[in-house]
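Below you'll find the structure, written out as C-alpha cells, and then a few comments.
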Amino acid sequence: MKYEEAMEYMECKVNKLGSVPGLDSIRELLKRLENPQDELTFIHVAGTNGKGSVSTLIANALTANGYKVGRYISPVINDYRERIQINNRMISKTAVAEKLSVLFEICSDMEKEGLAHPTAFEIETALGFLYFRDKQCDFVVLETGMGGTLDATNIIKNTKLCIFTSISKDHMAFLGNTLAEIALNKAGILKSGCKAVSAPQTEEVMSVLQNACKAQNISFTAVLGADIKTGRQSLKGQKVSYKDYKQMEIPLLGSFQIENAVLAMEALLVLQGSGVKLKEEKIRKGFMESIWPARFEILSKKPYVIADGAHNEDAVKKLMETMRFYFTNHRIIYIMGVLKDKNYASMIEESASMAEYIFTVTPPNKERALPAFELAKEIKEYNSNVTAADSVEEALEMAKLMAGEDGVVLAFGSLSYMGKLRACFENKKS
C-alpha cells in the first residue's frame, strides 16, 4: 500500500468511525502486534490546555541533551505525519504506509472475527508505538487525546512521569460535568512507580490530583506561583525564572506560555531527581528552539496576523488576557471558526467585545464544523459587526483590509482551520 492509498483508507473508512472511549480495542490491536509499547519509557501528558506546548519544551530539552525522543501529538496543523515525530523529524511517508498496511490487515481480521474495528486514534496510537519501538527511542513524550482513563494512550505501562497541564471544562459529554469529574478522568493516567507534576490548578482540581497520587503512593509536585519570576516579555520572546532555572528564554508568546514553561521546568527537575542526566545549557538550547504552530503565532506584520488554536472557554480567556497585554489600544479584527460540539457560546461571550469586527469561517471538519453563518448569528447577540466569509482566504483578505497596517488580525476558535490559514502565508513565501 502506498502512502496516498493509506491516507484515502483512513479518510474514507476509518475516520468515519468517530471517537469511541475505551481500551478493549486498542488492547487487542496491540496484543496482535506483540505489545510494542511495553518496550518504551513514557512521559505522559494530560490536561485541557497547554499539552502541546509543554510536550514541545520537554521533548526539545531532552533532545538537546542527546536523547532520542519520540513524540506523539494531536491534533495536527499541516501534515498528517506531524503526530509522530522523533527529535522533531516527522515519520516518513514510507514508514507510515508500511506500518498502516500491517495495521489495516489486523483491523480487518478483528472485524471479521466480530470485534470492533479500531478507531483512527487507536490505529495512529499503535502506529506511533510501533515506530518508536523500531527506532529504539529513549523516551516517548505522549499526549493524551481526550481525558485519560479511557484514552487509547492509557494502555501504556512504563510511565516515568505524568504531567498535568491546566485542567478546565471541555469534552464534558465524555469526561464529566464538573471539574472534579474531569480531573479524576485525567488522573487515570497515573501508574504505580511513576512521579507526577502539575501546573497551578483550581483548589477542586488540585485536591483530586493529590488524592489520586496519595492513593497510589505517587510522588506529586505542583508548580507554585511564588516560585515564578517573569522577566522580559515582548513580541520577540519572553524570559522566566523558576527555582534553579534563571532567566530561561522561550520564543513562545503569551502569558499562558509562562505557565507552560515553568511546568516543563518542574518536570525536568523531577526527571533529574530520578536519575535522568540533563545539562542546563542544553535545556536552554532546547527551550530556545521550541516552536509550536498556531499558539499565539505571528504570521505577518503590518498588519499583525496572529493564529491561535484557542478552542474552549479557558483558552480563550487566556488568549484575551494576552491580547490586552501586547495590543492595548490597537484595532482588533477577528477571524473565528469553531466546532459545533464545543461550548462556543462561552467563547463568544468571553471574546466578542474586544473585536472591532469579526469574520466567521467554516472549519474543514465536515462532521463537526459549525457553519460560518450560524456562528455569525450567535455572535450578533454580543457584537453586531460580524460577517460570514465563504472561505478562510476571503476572511483573511477582508480582515487585513479592515485592520490596515496598524491593526491586528486574530484568528482563533479551532485548530482545524489553522493549516489552511498558515498556508496563505507559506504560499506567498514560496
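The values are calculated or read from the model by the stated rules, or taken from the named source; none is laboratory data. None of these values were measured; they are calculated from a predicted model. Cβ sites come from the backbone with ideal geometry, for glycine too, and all protein chains shown count toward neighbours. Accessible surface is based on the protein model in full, side chains and every heavy atom, while ligands, DNA and RNA are left aside. Shrake-Rupley method; radii C 1.70, N 1.55, O 1.52, S 1.80 Å.
Run down Leu33, Leu62, Leu40, Leu57 and say which single residue is farther than 21 Å from Gly286 by Cβ, open to solvent by less than 30 Å² (accessible area, probe 1.4 Å) and at pLDDT 95 or above. Spell out the reasoning first.
Working: Leu62 fails: farther than 21 Å from Gly286 by Cβ; Leu40 fails: farther than 21 Å from Gly286 by Cβ; Leu57 fails: farther than 21 Å from Gly286 by Cβ.
On inspection, the qualifying residue turns out to be Leu33.
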Just wondering, is there one or more residues in region 421-430 that are out of contact with any helix residue (DSSP H, G or I) (no Cβ under 9 Å at 6 or more places or on another chain), open to solvent by 10 Å² or more (accessible area, probe 1.4 Å), of a type in the set (S, T, N, Q) and not in a helix (DSSP H, G or I)?
yes
Residue check, Phe129 under 30 Å from Met90 (Cα atoms), assigned to a helix (DSSP H, G or I) and open to solvent by 30 Å² or more (accessible area, probe 1.4 Å)
no
Just checking, does region 256-270 include any residue being assigned to a helix (DSSP H, G or I), at pLDDT 95 or above, open to solvent by 30 Å² or more (accessible area, probe 1.4 Å) and on the phi < 0 side of the Ramachandran plot?
yes
Cβ pairs under 7 Å, 6+ apart, first in region 281-298 and farther than 20 Å from Ser74 by Cα, second among the β-branched types (Val, Ile, Thr)
Gly286/Thr63; Phe287/Ile250; Ile298/Ile306
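Take the conditions touching a strand residue (DSSP E or B) at 6+ places or on another chain (Cβ under 6 Å), open to solvent by less than 90 Å² (accessible area, probe 1.4 Å) and in contact (Cβ under 8 Å) with a residue 40 or more places away in the chain and apply them to Leu410. Does it pass? Quick ask: steps written out before the conclusion?
Numbers: touching a strand residue (DSSP E or B) at 6+ places or on another chain (Cβ under 6 Å): yes; open to solvent by less than 90 Å² (accessible area, probe 1.4 Å): yes; in contact (Cβ under 8 Å) with a residue 40 or more places away in the chain: yes.
Yes, satisfied.
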Which one of these is touching a Gly at 6+ places or on another chain (Cβ under 9 Å) and either farther than 24 Å from Tyr417 by Cβ or open to solvent by 20 Å² or more (accessible area, probe 1.4 Å) (or both): Ser101, Ser74, Ser25?
Ser74
Test result for Asp341, modelled with pLDDT of 95 or more, surrounded by fewer than 24 Cβ atoms within 10 Å (Cβ to Cβ) and not in a helix (DSSP H, G or I):
no
Pick from Ser192, Ser207: which is under 20 Å from Leu23 (Cβ atoms) and open to solvent by 30 Å² or more (accessible area, probe 1.4 Å)?
Ser192
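Just checking, does region 328-338 include any residue being part of a loop (DSSP other than H, G, I, E, B), in contact (Cβ under 8 Å) with a residue 12 or more places away in the chain, open to solvent by 10 Å² or more (accessible area, probe 1.4 Å) and farther than 28 Å from Lys16 by Cβ? Steps first, answer last, please.
Just the residues of region 328-338 that are part of a loop (DSSP other than H, G, I, E, B), to begin with: 328-331, 337-338.
Imposing the further condition that a residue be in contact (Cβ under 8 Å) with a residue 12 or more places away in the chain reduces the set to 330-331, 337-338.
Next cut, open to solvent by 10 Å² or more (accessible area, probe 1.4 Å) only: 330-331.
If we keep only those that are farther than 28 Å from Lys16 by Cβ too, we end up with 330-331.
Yes, region 328-338 contains a residue that is part of a loop (DSSP other than H, G, I, E, B), in contact (Cβ under 8 Å) with a residue 12 or more places away in the chain, open to solvent by 10 Å² or more (accessible area, probe 1.4 Å) and farther than 28 Å from Lys16 by Cβ.
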I'd like to verify a number: residues in region 173-227 that are small (Gly, Ala, Ser) and under 22 Å from the mean Cα position of the chain (by Cα), how many?
10
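For residues that are hydroxyl-bearing (Ser, Thr, Tyr) and under 30 Å from Lys195 (Cβ atoms), scanning just region 1-30, find the one that is modelled with the lowest pLDDT. Show your work before the answer.
To start, the set of residues in region 1-30 that are hydroxyl-bearing (Ser, Thr, Tyr) comprises 3, 9, 19, 25.
With the extra rule that they be under 30 Å from Lys195 (Cβ atoms), the set shrinks to 19, 25.
Details: Ser19: 75, Ser25: 96.
Top of the filtered list is Ser19.
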Return the residue satisfying two criteria in turn: it lies in region 87-98 and is within 18 Å of Ile291 (Cα to Cα) and in a loop (DSSP other than H, G, I, E, B), and of such residues it is least open to solvent (accessible area, probe 1.4 Å).
Asn87
Would you check which residues across region 209-252 are under 25 Å from Asn185 (Cβ atoms), assigned to a helix (DSSP H, G or I) and of a type in the set (A, V, I, L, M, F, W, C) and list them?
Leu209, Ala212, Cys213, Ala215
